[in-house]
Each structure stands twice: as C-alpha cells, then as structure tokens.
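Inspection log for the structure reproduced underneath, given as structure tokens.
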Amino acid sequence: MSEKPTREETTNARRKHIVEVAAACFIAKGFHQTSIRDIARSAGVSLGNIYNHFPGKTEIIAEIASLEAAQIDGFGSMFEKNSKDPHKALDQFLKAYLKTCSAPSHAALTLEILAEAIRQPELTVGFMENREKLLAGLEGLLGRLRNSEMAESYLSDRDAAEFVLDLIEGVGMRVFFEERKPAKRDYQKLHLAISKLCG
C-alpha cells in the first residue's frame, strides 16, 4: 500500500503543474496575451489557488527556471557518466542539447522569456544560474577533451565552452525557425566548429 503524499509534496506537485500549464499557455498565446485566469482555467484550479502559489506571471517565469535546473542536471550527468571518454560525452551532449534547443516548445518559450527579460532583467537570474552550471560542466569536458588529444588552443576552456553553447543554441534556433528537426549536417558542422575552437 502506497503512502499518502505529504502536504508539502501535494503543494509542490500543484505548483509544478501550474508552472507547466503556464509555460504551455505562454507558448500557445504569448506571455502578455496569457492571463492568470487563462492559466487557472487550463490548470483546472481556481484563480485564488493560483494566487496562493504565485503573486503574478513574472513569478511563474522565475519558477520555470527551477524546472529548467532539473534538465540542466541531466546534461551534467552526461559529462560525469562519460568522464573517461570525452568524445562520447561531447557527442551525446551535442545531440541532446541541440534537440532540446530546436524543440518548438523550448524555442518558443525561450523567445517569450527573453522578450520579457528585456523589460524585467531580474527575470534572468535563475536562467543565468542554470547557464553557469551548464558552462562549468562543459568547460571541464572540453578541458578533458583537449588534454586527451594534447591539443593547444588560443581560447581558454571557459571561452570555448561559451562559444560552444552559443553555437548549439544558434543552430537550434535556426532549425526551429526552419520548422524542421536537426539534420546530420547540423551535427557535422557543429563537430567541425567545436574541433576548431578546441584546437
């Protein structure tokens, strides 16, 4: 017989549900076109219930960063799992991250959040913390890759990691706008660019 969830677990599950539904609404209608009432209706909860968890939409965006953090941890585990084979780790990360960045739901939500962050820069805090975590893992991976090949580069591992993320995200956004899935050629070009960056 399974144990009954605690009040805290129930509250956390409800918050997560509201945030996931809100993200879907932002993707479908846009941040400013989505009202708290829309989110409540889509989530199947009362308006008061939403306000019990979040004072407004900007706080929901901040919570989206918390959900993103779990995804970032998944990418980090790729680096650790294949720490002895940096080539394999880089290949797995490149494929997984490009797939994520080019997914219509992810790309559309990213654009909505970026647009709102221009008006409210404080919204970027959680997302920048997530990016920093991802950069640290990628920096370590690129360092191991360079050491395994005894390669030299004019760029530090940190600078190379930043460029790699920028490259993948840029290609992902282009794939999104072209309304297609990442192709073999996209991966090949990214591999070539990364090998040049890393010496």
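The values are calculated or read from the model by the stated rules, or taken from the named source; none is laboratory data. Values in this document were obtained by computation on a predicted structure and should not be read as measured data. Heads up, the Cβs are rebuilt from the backbone with ideal geometry, glycines too, and the neighbour counts pull from every protein chain shown. The protein model used for the area step is the full one, side chains on, heavy atoms only, and it has no ligands, DNA or RNA in it. Shrake-Rupley method; radii C 1.70, N 1.55, O 1.52, S 1.80 Å.
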Next on the checklist: For the stretch 9-43, give me each residue that is surrounded by fewer than 17 Cβ atoms within 10 Å (Cβ to Cβ) and within 16 Å of Pro104 (Cα to Cα).
Outcome noted: Glu20, Ala24, Ala28, Lys29, Gly30
Next on the checklist: Looking only at the stretch 132-168, how many residues end up being open to solvent by 50 Å² or more (accessible area, probe 1.4 Å) and not basic (Lys, Arg)?
Outcome noted: 15
Checklist entry - Do we have Thr124 as more than 20 Å from Lys184 (Cβ to Cβ) and at pLDDT below 90 here? => result yes
Checklist outcome for this item: Among helices (runs of 4 or more DSSP H) entirely within the stretch 31-102, at least 2 residues that are closer than 21 Å to Thr124 by Cβ and touching a residue at least 12 places away in the same chain (Cβ under 8 Å) occur in 57-81, 86-102
Next on the checklist: Could you check the stretch 150-177 and list, in sequence order, the residues that are among the charged types (D, E, K, R) and touching a helix residue (DSSP H, G or I) at 6+ places or on another chain (Cβ under 9 Å)?
Outcome noted: Glu152, Asp157, Arg158, Asp159, Glu162, Glu169, Arg174
Checklist entry - Does Gly56 count as farther than 19 Å from Cys25 by Cα, open to solvent by less than 20 Å² (accessible area, probe 1.4 Å) and touching a helix residue (DSSP H, G or I) at 6+ places or on another chain (Cβ under 8 Å)? => result no
Item to check | Members of the stretch 169-199 found to be of a type in the set (Phe, Trp, Tyr), more than 19 Å from Ala89 (Cβ to Cβ) and either open to solvent by less than 60 Å² (accessible area, probe 1.4 Å) or in a loop (DSSP other than H, G, I, E, B) (or both), listed by number | outcome: Phe176
Next on the checklist: Being in a helix (DSSP H, G or I), surrounded by 14 or more Cβ atoms within 10 Å (Cβ to Cβ) and in contact (Cβ under 8 Å) with a residue 24 or more places away in the chain narrows it down to one residue among Ala115, Ala107; which is it?
Outcome noted: Ala107
